[in-house]
Amino acid sequence: MTTWILVANQSVAKIFERSSKNGVPELIEEFQHPAGRLHEGDLVTDKGAAVFQSAGSGQQRSTGTEVEATEHQAQIFAGELAEQLRRARVDDRYRALALICAPAFLGHLREALDDATAKLVTAEVDKNISEQPTGELPATLQNLL
């Protein structure tokens with residue numbers, strides 16, 4: 001049974017494939033999201049324009065429910081990865097999926113996965129190992145899964 005292992009955080013993702021339960025995971029795809037590395041101040045020049053509402057005798061300042069720019073970039077990347085995983089599932093490229101992601105990013109990815117892809121998730125590890133050298137990751141993956 002072919003298992004895909006997604007190792008990701010908000011700025012980088014690597015997909016490994018393992019063709020048997022004890023097989024060595026092999027890197028098959030890598031994705032970069034440079035905006036995920038930027039700080040909030042680098043992503044926005046104005047912290048959200050305040051909206052002044054005239055209501056009765058005074059003014060109210062309202063910024064509404066806003067998502068921080070860094071959070072928004074993480075959601076965008078999670079959506080892009082979820083779409084890649086969906087397409088690969090439809091093409092029958094894997095039968096099981098393991099997710100090893102930075103804790104906050106794992107939540108975004110869970111939200112972005114469609115139901116059919118989410119049903120193939122057999123393991124989740126909320127750990128950020130994305131920055132490890134690619135050559136070291138197969139051994140780390142075998143220890144984690």
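The values are calculated or read from the model by the stated rules, or taken from the named source; none is laboratory data. In this text the structure is predicted, and so the values were computed from the model without any measurement. So basically every Cβ, Gly included, is an ideal-geometry build from the backbone, and we count neighbours across all protein chains shown.
Details
- Among (1) of a type outside the set (G, A, S); (2) assigned to a loop (DSSP other than H, G, I, E, B); (3) over 23 Å from S19 (Cβ atoms); (4) touching a helix residue (DSSP H, G or I) at 6+ places or on another chain (Cβ under 9 Å) - the single one E131 does not satisfy: (4)
- Of residues in region 1-21 being outside any strand (DSSP E or B) and in contact (Cβ under 8 Å) with a residue 60 or more places away in the chain, the one nearest to A74 (Cα to Cα): Q10
- Of L106, L81, all but one fail to be in a helix (DSSP H, G or I) and either loosely packed, with under 14 Cβ neighbours inside 10 Å or touching a residue at least 60 places away in the same chain (Cβ under 8 Å) (or both); the exception is L81.
- Residue, nearest to F105 (Cα to Cα), within region 58-88, restricted to residues that are out of contact with any Lys or Arg (no Cβ under 9 Å at 6 or more places or on another chain), at pLDDT 70 or above and among the charged types (D, E, K, R): E71
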